[in-house]
Amino acid sequence: MAGKFEIYQDKAREFRFRLKAANGQPILASEGYSSKSGAQNGVESVKKNAGEADRYERKQASSGKHYFVLKARNHEVIGTSQMYESEAACMNGIESVMANASAAAVEEVAG
């Protein structure tokens, strides 16, 4: 099974997407959008930008955990990763987004 995007509506009634790896693990999540079409556009932006290594910004939270954000050409954040215990695991997450995003199916799911 390949990776997939899930579009859903959260408890605040905002639309969001998440990219899951082939093993079902979430690897990238979006901000909230006011419309489903906004979330769908976000998915398309991830697919367009995921293959560009310079679009990823690695960060470290105050807790010491590592994460990354994927940015569009205009430097707007498209998605944020989960938290990782190590920098190496964070790099694996980036590689997973690069490998999974462009061909990932999109499905709507319940929040």
Only one of (1) touching a residue at least 24 places away in the same chain (Cβ under 8 Å); (2) buried (at least 17 other Cβ atoms within 10 Å of the Cβ) fails for residue 51. Which number is that?
(2)
Could you tell me how many of the residues in the stretch 24-42 are part of a helix (DSSP H, G or I) and surrounded by fewer than 16 Cβ atoms within 10 Å (Cβ to Cβ)?
3
Every residue in the stretch 23-37 that is among the small types (Gly, Ala, Ser) and modelled with pLDDT under 95, please.
24
Condition check for residue 44: closer than 22 Å to residue 107 by Cα, without any contact (Cβ under 8 Å) to a residue 12 or more places away in the chain, out of contact with any Gly (no Cβ under 9 Å at 6 or more places or on another chain) and of a type in the set (Asp, Glu):
yes
Taking residue 45, is it part of a helix (DSSP H, G or I), buried (at least 18 other Cβ atoms within 10 Å of the Cβ) and among the hydroxyl-bearing types (Ser, Thr, Tyr)?
yes
Scanning for something modelled with pLDDT of 95 or more, β-branched (Val, Ile, Thr), part of a strand (DSSP E or B) and crowded, with 16+ Cβ neighbours inside 10 Å, does the stretch 3-22 turn up at least one residue?
yes
Every residue from the stretch 75-111 that is of a type in the set (Ser, Thr, Tyr), in contact with a Gly (Cβ under 8 Å, 6 or more places away or on another chain), at pLDDT 95 or above and outside any loop (DSSP other than H, G, I, E, B)
84
Quick one: what pairs do we get from the stretch 90-109, first residue closer than 14 Å to residue 5 by Cβ, second in a helix (DSSP H, G or I) and of a type in the set (D, E, K, R), C-beta under 7 Å, 6+ apart or different chains?
101/47; 102/47
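The values are calculated or read from the model by the stated rules, or taken from the named source; none is laboratory data. Note that the structure is predicted; figures quoted are calculated from it, not measured. No Cβ is skipped: glycine too gets one built from the backbone with ideal geometry, and neighbour counts run over all protein chains shown.
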